[in-house]
1. Counting only C-alpha contacts under 8 Å and six or more residues apart, can you give the relative contact order of the chain as a whole percent?
2. Given charges of +1 on the Cβ of Lys and Arg and -1 on the Cβ of Asp and Glu, with all other atoms neutral, how large is the dipole of the chain about its Cα centre, in debye to the nearest 20?
3. With the crude spin-label approximation of a point 7 Å out along Cα→Cβ, what separation in nm comes out for residue 185 versus residue 137?
4. What label, among [x] 76, 31, 28; [y] 41, 41, 34; [z] 61, 50, 34, belongs to Cα extents along the principal axes in Å computed from the structure on display?
5. In nm, give the distance between the simple-model label positions of residue 214 and residue 83, each being 7 Å from the Cα along the Cα-to-Cβ direction.
Amino acid sequence: MESYKIQKVGDENIRYIKKGLGEPLLFLHGFGLDVKKYENIIEKLSNKFEVIAPDMYAINYLKSQPTSIKEYAGLTYDFCNSIKLGKYKIVGHSMGGAVAFTVGNNSSEAKKLVGIDPILPTSYGFFGFVRKTNEILSKNKSLKKGFYINLLKNVKVSKKIVSDISDFNYENFDVKQPSLIIYGEDDEYFRLDDKIEKHVNKAFRNLTIKKFPKKEHVWLILEPDIAAKETIDFLIKSE
C-alpha cells in the first residue's frame, strides 16, 4: 500500500494515504484499526475516486488525542481544510461512520455520506465494548496485531472515547445530505432493529439503509467487494 503522507493541522502532524484519481472521497477507518488494514476496499474505491484516508481514529499518536466523536469530527474537518479538499464525499466504517455523519451534519462541503456498520445507539458501556472487541478479534486474528498495544499507549483517552461511543445516539442531528447506511446483520457491536432504525431515520432527511445477512462488523475488511460496490453505486448516481 502507499506510504503515509503527513499533513500539519495546527500542532498535529496527521498521517494519511492518498490513492486514485477523480472526485475526492474521504475514507474514515474504524476504532483503533489503522487505515492500512483497509487496503483492499481502498484499492477498489480508488478505481473511481481519489481516496484520502487519514489515520487517526483512536490511533494514539497525536499530541492532543480527541476523546469524543465530536472532537474527531472537528479534527477531520480541519484536516480537509488544510489539504484544500473543497467539496468531497465521505465513507466511514464503524467509528469512522459516526465521524462521517457528524462531519456531514455540520459541513456543507460534504456532499454525500456513507456509513458501513457505523456506530448505532447502544447501551453496553465500556466493559461490554471490551468483551465484544475480544469476540471480534478472536475470530479475526489478523486485526488483533497492535490493537491493544495502541490502546494501552493512552488508557485514559481510550476509555473516554469508548464511553463516548457507548453514549453516541444521533440526538439533535439533522443531516441534509443524501446518506447511506450499509449494515451487516450479524454485527457484533450494534443492532439495527426496528426501534433503532426508526430513531436513526429521524436524524437524516434522505437516508437509505441496506442490510446484508451473515455479515459481521469487520466484513468490509475481509470481504470488500459488496461494500465497495454499494458505496460506489450510491456515490456516483445522479445527485
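Nothing in this text is a laboratory measurement; each read-out follows from the coordinates by a stated rule. If you're wondering where the values come from, they're calculated on a predicted model, not measured in any experiment. So basically every Cβ, Gly included, is an ideal-geometry build from the backbone, and we count neighbours across all protein chains shown.
1. Across the chain, relative contact order equals 19 percent.
2. Rounded to the nearest 20 debye, it is 320 debye.
3. Taking the simple label geometry, residue 185 and residue 137 are separated by 3.0 nm.
4. [y]
5. Taking the simple label geometry, residue 214 and residue 83 are separated by 3.7 nm.
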